[in-house]
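Just below is one structure, and these are the notes that go with it.
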Amino acid sequence: MKCPICGPKLSICCSLLSIWGIVMLALLGVFYRIHSVALFEDLPITSEDWKKDNYTLSVIHDKYNQTAYNCFVAAGIYVLCFFFSCCQQRMGSKANYEMS
Amino acid sequence: MGSLFRSEEMTLCQLFLQSEAAYACVSELGELGLVQFRDLNPDVNAFQRKFVNEVRRCDEMERKLRFLEKEIKKDGIPMLDTGDNPDAPVPREMIDLEATFEKLENEMKEVNGNTEALKRNYLELTELKHILRKTQTFFEEAEIHHVQAMHDPSLTEENFGLLGEESQRSGQALRLGFVAGVIVREKIPAFERMLWRVCRGNVFLRQAEIDTPLEDPVTGDQVNKSVFIIFFQGEQLKSRVKKICEGFRATLYPCPETPAERREMAIGVMTRIEDLNTVLGQTQDHRHRVLVAAARNIKIWFIKVRKIKAIYHTLNMLNLDVTQKCLIAECWCPVQDLDRIQQALRRGTERSGSSVPSILNRMKTKEVPPTYNRNNKFTQGFQNIIDAYGISTYQEVNPAPWAIISFPFLFAVMFGDFGHGFIMFLVALYLVTREKQLQAMKINNEIFDMFFGGRYIILLMGLFSMYTGLIYNDVFSKSLKLFDSSWDPHDPQTFKPYVADTLKGSTSLQLDPNASFPKGGPYPFGLDPVWALSTNKITALNSFKMKISVIFGICQMFLGVMLSIVNHRFFKRKVNIYFEFIPQVIFLAAIFGYLVVEIFVKWIIFTWRDAGTAPNLLIGLIQMFLFQSDPKNLWYSGQVGFQTFLVILAVICIPWMLLIKPFYLRHQQKFGQYQYQEVPTGNLLDDSDGEEVVYHSDSERSHYDPEPEEFNFGDVFTHQCIHTIEYCLGCVSHTASYLRLWALSLAHAQLSEVLWNMVMRIALQIEGIAGAFVLAGVFAFWACATVIVLILMEGLSAFLHTLRLHWVEFNSKFYDGQGYKFHPFSFEDLSEYSIED
């Protein structure tokens, strides 16, 4: 295959980062789905907005679910990133093998 | 007692080696790596030693090997490193090795010289080829100019001024001479200008670039050159032109005038170039073959040569006993390994075929032996960080086994985050499971070496940090809810859950434990997750973290003092036990032990119901010293009396520590019972080597007998004064110093929280699907910042602080650290014997 874009070190770093991203964002998504209270301050809602909705809980649940969805999509992006960096790493090691 | 608790018992030995067997025996001892030789010829110059010739030969061999290595590297041939450890070759083999290296070096030099000559030839021929090609066009143009000049009316008018013969003569004189050559392209403008000036514009230069760069035979660089041809008239100009060409280092080539001759020459040049190419190719092949053959063995040869050199260096340290025709060595070795050393000596004597056995004889000496701690790969890291402060005195208690647990634990108290600890643990796990491969790779990066050397330390630090992270309930600054929280918000006025109106009425409410703490019992493990949402988390945790810091500190200091009694008993220093150790313990226990007990009692007795009325321990401690009493801080009967008793007890300890020992020692000396406290070197002599002949030579002269010290009362008293003040003030200041455990854990938690709030929260609070993409990008940034700032930087910072706590607060209670390290003669690390620095 053609010359890879990332060198060997960068591709290994990227794959490790991607694994961490997949695991952590997936877990974060799960925690948002179960409406964990610890993540309450990380919701995309301000106190004024909530006041307008008269402090209903369903709004909060919606926000939780939405953010959970976002987290899962981000985890999906990192899955792609992981495959990409794995390919880069394999290409790089193959190029080295062929040259020597 | 295990060998890690204190350093090994060492003994000074004398070895008697037969001259023939000496080499083989030293070689065996080098493989064993348990013996530290003493230099018996310290006054002798390096050039006057016995085996200086052999060392010189080894240096010569190594130089040849390095030349070969350089050539191999230049060609890019991989050098095979099988990891084999060849034995040191016998002296006969050394001559063979020398011959081989000599042959290889000569061959390489010859090949290199030939290659250079061939390349120079090739360069000349190539340049000539280019010249012949380009000058074709020049001459054609020159002809045109010539013809033009003939038919040019203005010119010929001038010539018409002369008579017809003169026009012929001028025609002849118009015949141009020329020189052709090649010059480096960059010099052409200067060359042209110089020609113009010197020859006053009477020469005609044409130049053309050579497209392909040519290889310089000496340096191997690719140089761009140009062909030039200079037309001139007359001999003077010719000599000037030639001088200028010499000055600019242009090479001139003889170029035939007629096209036919030029064509012939060109053909000849082409055939010669082809021949040269073949010869060059064959030379390169030959060189490559020689180098490949050498590359297979070169690493082994290096090891062999270095081993020989090491052996001869060691042999240089021995003494030659003329009467017995044997070499005498003095060395330090561990008592436990005497059998193995004798076996090695036996093997050596057998290998050399000598009939006389080598003799090992233990000697008694007053000198302090080196400190040898037997470590495995796990404990070596911890031993290193202790040794960095100071090598333990001979047979003193080794702080390392305690540090194996206390170091990672104190680190974890400062670092407490489950997520960060987990990442640290994974990194260290990778280093540990891949140790063999990473060691074989022989990476020479210093920073990587440091991390790799401390891999077990990092592993434990990560593991313990995961534990404290669970206790502090901190995972990347978020809390985990493993069990149900013990807090259930209820309105303290109504004892019912908060109503919407109350909640909307105020921005923050304080949960009263009387109403909101229904179970009355704490969260089962660690910190309650509800604290993550409270605004007063820090103030609530401060009290807890400060108290545990003080508890850990005083416990570690107490351990230090306890280790000092182990030392005192081993070295039979009864004076120290009665007049130093006991008052030290009482002082520490009376003030700070009492504080620790108070903390535990307060935790047990006072519940959340008494939160408002609980006594303040710090104020209480201060008032204890000032002999004041505030009824708020009194919580058990007889407290005032008991505290007064403790303070007086502590104060009594100070003169006890300060005065009694110097006066007692003076009293002893007066009555002639003063003994210089010497370091015991264990049981020596006569009982071991039954079958060996015990041989006493005039070995005493080589020992340094320290004079028994005079008793100087002033010195002892001053020393005792310093020691007492250091201890007492130290107790107070070190206890406060342990509060860094609180400070750093607070800093770490806050830093982690700020990173999440400022970075991740931004991404999580974006609505819609765009949030996902932003989150993916921001996560990468957050992850990098976590690793660089929170794990690396904070980790190093916490490591440093833990190290300081061990070196200063712990070691000052018992550690002497005046020893010197045991440095055995071993073939494991041969780098000190190589000629490069």
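Just so you know, all these numbers are worked out from the coordinates, no wet-lab data involved. Note that the structure is predicted; figures quoted are calculated from it, not measured. Don't worry about glycine lacking a Cβ; one is built from the backbone with ideal geometry, like all the others, and counts go over all protein chains shown.
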(request) Evaluate the distance, in nm, between pseudo-label points positioned 7 Å from the Cα of residue B:384 and of residue B:296 along their respective Cα→Cβ axes. (result) 3.7 nm
(message) As I understand it, the value is the acute angle between the Cα axis of helix A:8-33 and the longest principal axis of the Cα atoms of chain A; what does it come to in degrees, rounded to 10?
(response) 20 degrees
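Beyond a 26 Å Cα-Cα separation, which of these cross-linked pairs lie in this structure: B:70/B:436; A:94/B:436; B:366/B:572; A:9/B:436?
B:70/B:436
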(message) Please compute, over every Cα-Cα pair in chain B, the percentage with a separation greater than 35 angstrom.
(response) 71 percent
(request) Enter the per residue convex hull volume of the protein assembly as shown, computed from alpha-carbon coordinates, in Å³ rounded to the nearest integer. (result) 318 Å³
(message) Output the 0 to 90 degree angle, nearest 10, between the alpha-carbon long axis of helix B:594-605 and the longest principal axis computed from the alpha carbons of chain B.
(response) 70 degrees
(message) If I take R0 = 51 Å and measure r between the Cβ atoms of residue B:405 and residue B:710 in this structure, what FRET efficiency does the formula 1/(1 + (r/R0)^6) give, to the nearest 0.05?
(response) 0.70
(request) Read phi for every residue in segment A:77-93 and hand back ³J(HN,Hα) as whole Hz from Karplus 6.51 cos²θ - 1.76 cosθ + 1.60, θ = phi - 60°, with x for Gly and Pro. (result) 4, 6, 4, 4, 4, 5, 4, 4, 5, 5, 4, 4, 5, 5, 4, x, 5
(request) Sticking with the crude label model, points 7 Å out along Cα→Cβ, report the distance from residue A:27 to residue B:202 in nm, one decimal please. (result) 9.3 nm
(request) Return the whole-Å distance between the Cα centroid of segment B:254-268 and the Cα centroid of segment B:317-341. (result) 81 Å
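Using a Förster distance of 51 angstrom, determine the FRET efficiency expected from the C-beta separation of residue B:609 and residue B:747, and round it to 0.05. Could the numbers behind the result be given before it?
Values: r = 33 Å, r/R0 = 0.65.
Computed FRET efficiency for residue B:609 and residue B:747 comes out at 0.95.
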(request) Restricting things to alpha carbons, tell me how big segment B:172-302 is in terms of Rg and Dmax, in Å. (result) 21.0, 76
(message) Using the Karplus curve 6.51 cos²θ - 1.76 cosθ + 1.60 with θ = phi - 60°, what ³J(HN,Hα) values do you get for each residue of segment B:490-500, in whole Hz, with x for Gly and Pro?
(response) 10, 6, x, 6, 9, 6, 10, x, 4, 8, 4
(request) Would you work out which of B:196, B:231, B:248 lies farthest towards the positive end of the dipole of segment B:174-261? Charges go on Cβ: Lys and Arg +1, Asp and Glu -1. (result) B:196
(message) Students often get this wrong, so check it: of A:52/B:537; B:74/B:225; B:478/B:813, which have C-alpha atoms separated by over 32 Å?
(response) B:478/B:813
(request) Can you find, among B:333, B:717, B:470, the residue farthest towards the positive end of the dipole of the protein assembly as shown? Put +1 on the C-beta of Lys and Arg, -1 on that of Asp and Glu. (result) B:470
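If you take the beta carbon distance between residue B:87 and residue A:96 as r and set R0 to 41 Å, what does 1/(1 + (r/R0)^6) give as a FRET efficiency, to the nearest 0.05?
Details: r = 36 Å, r/R0 = 0.87.
The value I calculate is 0.70.
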(request) Please name which of B:618, B:594, B:495 has its Cα lying farthest along the dipole of segment B:479-636 towards the positive end, using unit charges on Cβ (Lys, Arg +1; Asp, Glu -1) and the Cα centre as origin. (result) B:594
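What is the extension gain from residue B:525 to residue B:430, computed as 0.36 nm multiplied by their sequence separation minus the C-alpha to C-alpha distance, in nm to one decimal? All intermediate terms of the calculation are to be shown ahead of the outcome.
Numbers: separation 95, 0.36 × 95 = 34.20 nm, distance 2.98 nm.
Roughly 31.2 nm would be gained on extension.
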(request) Collect residues whose amide H, placed 1.01 Å from N in the peptide plane, falls under 5 Å from the amide H of residue B:490; neighbours closer than 5 in sequence don't count. (result) B:516
(request) Any chance you could list P(r) for segment B:336-478, counting all Cα-Cα pairs in 5 angstrom bins from zero, rounded to whole %? (result) 2, 8, 12, 13, 12, 12, 11, 9, 7, 5, 3, 2, 1, 1, 0, 0
(request) Two decimals is fine: what is log10 I(q)/I(0) at q = 0.16, 0.20 Å⁻¹ for chain A, from a Debye sum with one equal scatterer on every Cα and no solvent? (result) -0.72, -0.91
(request) Please report how far the C-alpha centroid of segment B:370-434 lies from that of segment B:787-835, rounded to the nearest whole angstrom. (result) 9 Å
(request) Return one number: the angle in degrees, 0 to 90 and rounded to the nearest 10, between the long axis of the Cα atoms of helix B:338-352 and the longest principal axis of the Cα atoms of chain B. (result) 30 degrees
(request) Might you report the magnitude of the Cβ-based charge dipole of the protein assembly as shown about its Cα centre, with Lys and Arg at +1 and Asp and Glu at -1, to the nearest 20 debye? (result) 1280 debye
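Mind putting a number on the dipole of segment B:229-337 about its Cα centre? Charges go on the C-beta only, +1 for Lys and Arg and -1 for Asp and Glu, and I need it in Debye to the nearest 20.
Details: 17 positive and 11 negative charges, 34 e Å.
Here segment B:229-337 has a charge dipole of around 160 debye.
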(message) Just to check I understand the Karplus step: with θ = phi - 60° and J = 6.51 cos²θ - 1.76 cosθ + 1.60, what whole-Hz values come out for segment B:448-456, glycine and proline as x?
(response) 4, 4, 4, 5, 5, x, x, 5, 6
(request) Quickly work out the residue B:488-to-residue B:627 label distance, labels modelled 7 Å from Cα along the C-beta direction, and quote it in nm with one decimal. (result) 5.4 nm
(request) Give the cross-link partners of residue B:632 among the lysines, using a straight C-alpha distance below 21 Å as the criterion and excluding same-chain residues fewer than 8 apart. (result) B:547, B:602
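Of B:351, B:92, how do they rank once you tally other Cβ atoms within 10 Å and put the fewest first? Please report the intermediate quantities before stating the final value.
Working: B:351 16, B:92 7.
So the residues, fewest neighbours to most, are B:92, B:351.
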(request) Search the structure for amide H atoms under 5 Å from the amide H of residue B:6, placed 1.01 Å from N in the peptide plane, and list their residues when 5 or more places away or on another chain. (result) B:398
